[in-house]
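Okay, structure first, notes after.
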Amino acid sequence: MAADVDRQLWESTNGSLSIEPVCSDRADSPAPGLVSGTEPGAGQETAMFAHTESFEDLTADTEGAGLEPQEREASLQEGRGEDEEEPREECAVIGRQQQEGGREGGVRDKDKDEDVTSDAWRAHRKHVFVLSEAGKPIYSRYGSEEALSSTMGVMMALVSFVQSGDNTIRSIQGDGYRVVFLRRSPLVLVGVSRGSQSAGQLLRELQYVYLGIVSLLSATQLQRVFAHRQSYDLRRLLSGSEHLTGSLLRLLERDPGPLLSAVACLPLPGPARDRVSACLRQARAPPLTFSLLLAGTRLVSLVRRRDLHLHHLDLHLLANMAASCSAFREAEGWTPVCLPKLNAAGFFHAHVSFPLPGTPLCLLLLSTEREAFFELSACKQRFLELLHKRNALLGLQEALSCPTYSVALVGVPELRHFVYKSRSSGLYTSPELEGPYSSDEEQERLMCLYQQLHSRLHHPTRPLSSIYHTTHTHNLYAKVTSGFELYLCFSALGTKAIAEAAVSKLLKWIRKEEDRLFILNPLTY
Amino acid sequence: MTAMRVDAKVVMLGKESVGKTSLVERYVHHRFLVGPYQNTIGAAFVAKPTHVGDKVITLGIWDTAGSERYEAMSRIYYRGARAAIVCYDLTDSSSFQRARFWVKELQNCEEHCKIYLCGTKTDLIEADRAARQVDYHDVQDFADEIGAQHFETSSKTGNNVDELFQKVAEDYNSSSFEVMPGEMSFIQKMKNLRLPHVALRLH
Amino acid sequence: MLCVFFSPRMASGMQEKQYTPSLLSFFIYNPKFGPREGEEEKKILFYHPSELDKNEKIRSVGLCEAIVQFTRTFCPTKPAKSLHTQKNRQIFYEPEEHFWMVMVVRNPMIEKPNKDGKPPTIEYQEDEILDSVYGAVLQQCYSMYKLFNGTFGRAMEAGGVEMLTQKLEKFFYRYLQTLHLQSCDLLDVFGGISFFPLDKMTYLKIQSFVNRVEQSLSLIKYTAFLYNDQLIWSGLEQDDMRILYKYLTTSLFPRHTEPELAGRDSPLRPEVAGNLLHYGRFLTGPASLKDPDAKIRFPRIFVNTEDSYEELHLIVYKAMSAAVCFMISAAEDLTREFCEQLDSLVGPQLTLLASDICEQYNINRRISGSVLISLTLRQTPRKCLALLALLSSNKHTIGAHIKRNICYFDSQRSQACALFQYSIYTI
């Protein structure tokens, strides 16, 4: 009975996005069977994020228009007459230009110059292509779009051919690779991946790439340019965003956040975090809708307008954007950005700054007003002054200098790494990737294993509640309950008994550390 | 340090990857970053005080993204600007075409804005004369025609960069007496310009 | 081949219909045969359903060619294996260079009726079928074809495209009808052989029997020995045996109901009634040696196609539960005399051996104590009853009773089956 009530509560939060505080008796030794809202890491106040479960999230086509029509005022296209099309036509920016003077060895250029018929090109672990429904190339992760235009033409032909039979192409399976197609009109995305990544995972990544494009242009503008001219070369509008897409793809390969539909927090003692959050709230200004403090992809604090919830997906896109622009490092950035999950139709305007030089701390202030730059700049200034005045700076700097923790702290033998997500708060925690996982290659391999387990747990028709997986180097255990989702990675010496015993021990440890690892008291303005 | 006092609004314009951010970086931080090229997203603002005679003039520099995507936004960056540094890449003739576009745009919309044509990456030209795609004299003729200043710079070596911005500050200083009375400062304008608060509807 | 059944979930009188996977099309093409525009039809060597519009056939082949070509962009050596779409799944297989076999399977689906006379909603269950299963089925199609016809390449050499298309037509027309896609499962992937457990002595007896026969009838090149549909001894290469085994157990044996199980007066055992010496009979070749007009013709099979490429006569001879396959080079002419010789030599020995094996098998059971054999058989009711009768008549069986007898509808096999779980007590 009690479980049923809680379940209803949980479901209602999915729908309305505004939940009543869950009355929770926070047990010190949480049992694995505990319900949503009482698991370690569950927020004590209202939920910080829009609650959405990974699968519905990525399969649903619901990036609908959310805002009132006048919100479109904030759109990029405002005040632009049709007659202005012409001069821009003349000086259309098409060619891939050489890198900026003297900046040698740009990653992008190396990738772009690659010979698309070479073995090296084929050997890439993952290719991603974006094309328009007219078959025009928009993006390729490796190799230039020009060199790949015929390949992309074939991709579009395959999509249309299958479509003409009143059917939809999903994927092509080969020996050791697969090709996945995603149609998000007016775009078509194609992913080619080697190895064991499931089609579902690849689809998730394509969906992210699509939403990444929407975050730059908004769905409205995207529809409009193609409605206006089907053969439009979208690279004109997307020029310069290739490295954003590239870093987004790297993020998807490394970071468990997008996989789990969750956000990690910078470990920070509860009182210190509360002080920082209070400063952030104190420094608010009327046009603000969200104030975010990030360290890389880790959340330090988030203050939001009471009636708005940020979606984890939008947050990942924001974090990726902020981290991928060197111009923001020393100056204050001001850019329109669309948050596709919150409102795919309009733009927010983001003030981006790195207030503590030499640290990855990034302050993002979001507003719906495009002229609010100086107002938000003043907010940032006020926030810094408050941090000084309230002695919140030292704690923050300490936390920034050690942004992770060692898995050894948990005290579970043979445990090498884990990922724990609190489902009600949408936050997760994970220790540092150390020891055997210090290389990029091994990190990606581990992520791949987690992805495999995740696919099995969240299989669309045959979901599992737990799975134990043994390879010659690892023993993995994953478990999902209504309250949490947990992935454990043990050394080859681990056993199923150890893994099962580790769950309650780990939950106990996380409970003990939860005010440091999670944001328990999210604030609103 | 609370209030950001900005005397002159300066906007950087030009095709993507001509080196606007590097130019600002060189001027403000006296350095040149070597690393993978990262396009600017939206725009970045930085305030830089500089000496003109015995006066301190603070330039508020808007480093805008070159991508067409932000073209419609660019108006808010150059609106009320006292100076526009229109950049082009000396090794890329199409970037000069783009520069002409920006000049036209400024002439139409911001008649009080002084234009500085800035060729970038002279270091590449010095390394290889054949790399030059934009002729010095052509640009000079164009500059004369539109009443603009003309500089060729290198952010890598620092060549001519300080001179460019110094000239911008000096020009501002000497022209500031001519400013029409009653014109609001940019910040004042910004503060008065508040869009109606927009209601957000959840879905 | 379409199978419909009603799921127990019936909401307010509205029935949800569930459809199992079914074969939409099956075709074989060679892109080299019609390289010029307008000649595309020449590429198609076999197409099921044959009545489909020519242009439709060309379009489907074109799609496969495009997919294969497209995937070579990413992996030149390993082209596509399958294409997943919302409604169906296409499996590609290139058994011989440039010869492509393609099988298109419609995904299982659920038809949900709508109120107000709207057309029903169809939900395709895309994740319900496995590439590996249908990939194995397709490979089996080829292996079975090759067992009886040799390779595509040989047919081309012998009689050009015309002969190949004839052979394909003849073979696949029948074979595709026996393809029960809805009942394919993981076991098809293994394509395994079931071995009969036996003690050393009996095994040696069988081996010496095989040696004796091969010595007396020197024409015999290979021999395989089976008991109870399980393999005991084989002289063939494993891969050839695997497909032969598949043929024997799924096609040949089931077509020959055990005369031993039929009643004494049943017309099924004319041979036994007339000849009290043994129970041996031919499963391939002449139905009766007594009929002077009966043609002496055995099916041909092709083995070792990779190297020596042998064409053989396949003689399957059975006595009670023991079956022997004798394979003789196709170059030899098999006469009535040879058959009679074989019958008189093998018949009595095999009958003895069969009862020996049976006895030995049960003794072994007895040694390890009185054993309860629990079987769960998925057979047609008729066959189950017959089996039960056989088991009850065994002298070592002291008791047998049916524990459960449920006639049920098996969604996997899509045919009425009876599930018998019965226990046999042996001494």
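The values are calculated or read from the model by the stated rules, or taken from the named source; none is laboratory data. Note that the structure is predicted; figures quoted are calculated from it, not measured. Note: ideal-geometry Cβ built from the backbone for every residue, glycine included; neighbour counts use all protein chains shown. The area values use the complete protein model at the heavy-atom level, side chains included, leaving out ligands, DNA and RNA. Shrake-Rupley method; radii C 1.70, N 1.55, O 1.52, S 1.80 Å.
At a glance:
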read-out: Buried accessible area, chains B and A (both chains, 1.4 Å probe, Å² to nearest 100); value: 6300
read-out: Listed residues C:CYS64, C:CYS184 arranged by accessible area, highest first, probe 1.4 Å; value: C:CYS184, C:CYS64
read-out: Reachable lysines, given that their alpha-carbon falls under 18 Å from the alpha-carbon of C:LYS170 and they are not under 8 places away in the same chain; value: C:LYS146
read-out: Backbone HN-Hα couplings from phi across segment A:197-208 [Karplus 6.51/-1.76/1.60, Hz, Gly and Pro as x]; value: 4, 6, 4, x, 5, 5, 4, 4, 5, 5, 4, 4
read-out: With all protein chains modelled, accessible area of C:LEU289 [1.4 Å, Å²]; value: 30
read-out: Apportionment of accessible area to carbon and sulfur, segment C:281-363, percent (1.4 Å); value: 48
read-out: Segment C:191-245 - percent of accessible surface contributed by carbon and sulfur, probe 1.4 Å; value: 48
read-out: Cut-off under 5 Å, modelled amide H: who pairs with C:SER25 long-range; value: C:VAL104
read-out: Buried solvent-accessible surface, both chains (C, A), 1.4 Å probe, Å² to nearest 100; value: 2400
read-out: Karplus 3J(HN,Hα) series, Hz, for segment C:84-97 with 6.51 cos²θ - 1.76 cosθ + 1.60 (x for Gly, Pro); value: 9, 10, 4, 9, 8, 10, 10, 10, 10, 8, 10, x, 10, 3
read-out: At R0 = 51 Å, FRET efficiency that the Cβ-Cβ distance of C:ARG174 and A:SER465 yields, to 0.05; value: 0.60
read-out: Local net charge near A:LEU387, Cβ-Cβ under 12 Å (Lys/Arg +1, Asp/Glu -1); value: +4
read-out: Number of partner chain Cβ atoms within 10 Å, mean per residue of B:70-77; value: 5
read-out: Accessible area of B:TYR27 in the full protein assembly, 1.4 Å probe (Å², nearest 10); value: 10
read-out: Gyration tensor (alpha-carbon) shape descriptor, segment C:127-197, a/c threshold 1.5; value: prolate
read-out: Summed residue charge, Cβ within 13 Å of A:VAL407's Cβ, Lys/Arg positive, Asp/Glu negative; value: -2
read-out: From phi via Karplus (6.51, -1.76, 1.60), per-residue ³J(HN,Hα) for segment A:319-331 in Hz, x at Gly/Pro; value: 4, 5, 5, 4, 7, 9, 10, 5, 5, 6, 4, 9, 10
read-out: Within straight-line cross-link reach of C:LYS290, lysines at Cα separation under 26 Å, skipping those fewer than 8 residues along the same chain; value: C:LYS318
read-out: Cα-projected label distance for C:ARG255 with C:LYS78, points at 7 Å along beta-carbon direction, nm; value: 3.9
read-out: Global geometry of segment A:251-322, whether rounded, prolate or oblate, following the gyration tensor of its Cα atoms and the 1.5 cut on a/c; value: oblate
read-out: Per residue accessible area in Å² of segment B:8-193, where ligands, DNA and RNA are left out and the probe is 1.4 Å; value: 40
read-out: Rounded accessible area per residue of segment C:119-191, 1.4 Å, Å²; value: 50
read-out: Three-way shape call for segment A:312-383 based on the alpha-carbon gyration tensor, with the a/c threshold at 1.5; value: oblate
read-out: Environment charge of A:PHE490, counting only residues whose C-beta is closer than 10 Å and scoring Lys/Arg +1, Asp/Glu -1; value: +1
read-out: Nonlocal amide H pairs with B:THR58, under 5 Å, H built at 1.01 Å; value: B:ASP7, B:ALA8, B:THR50
read-out: For residues of A:281-288, the mean tally of beta carbons on other chains within 10 Å; value: 1
read-out: Accessible-area value, C:MET144, 1.4 Å probe, nucleic acids and ligands omitted, Å²; value: 10
read-out: Per-residue average of Cβ from other chains inside 10 Å of A:239-245; value: 5
read-out: Spatially proximal lysines relative to C:LYS112 (Cα-Cα < 26 Å; intrachain offsets below 8 disregarded); value: C:LYS17, C:LYS87
read-out: Ranking by accessible area, most exposed first, for B:ARG132, C:ARG59, B:ARG26 with a 1.4 Å probe; value: C:ARG59, B:ARG132, B:ARG26
read-out: In nm, spacing of pseudo-spin labels at A:ALA497 and B:ASN108 (7 Å Cα→C-beta vector); value: 7.9
read-out: Distant-in-sequence amide H partners of A:LEU523 (H built 1.01 Å from N, under 5 Å); value: A:LEU302, A:ARG304
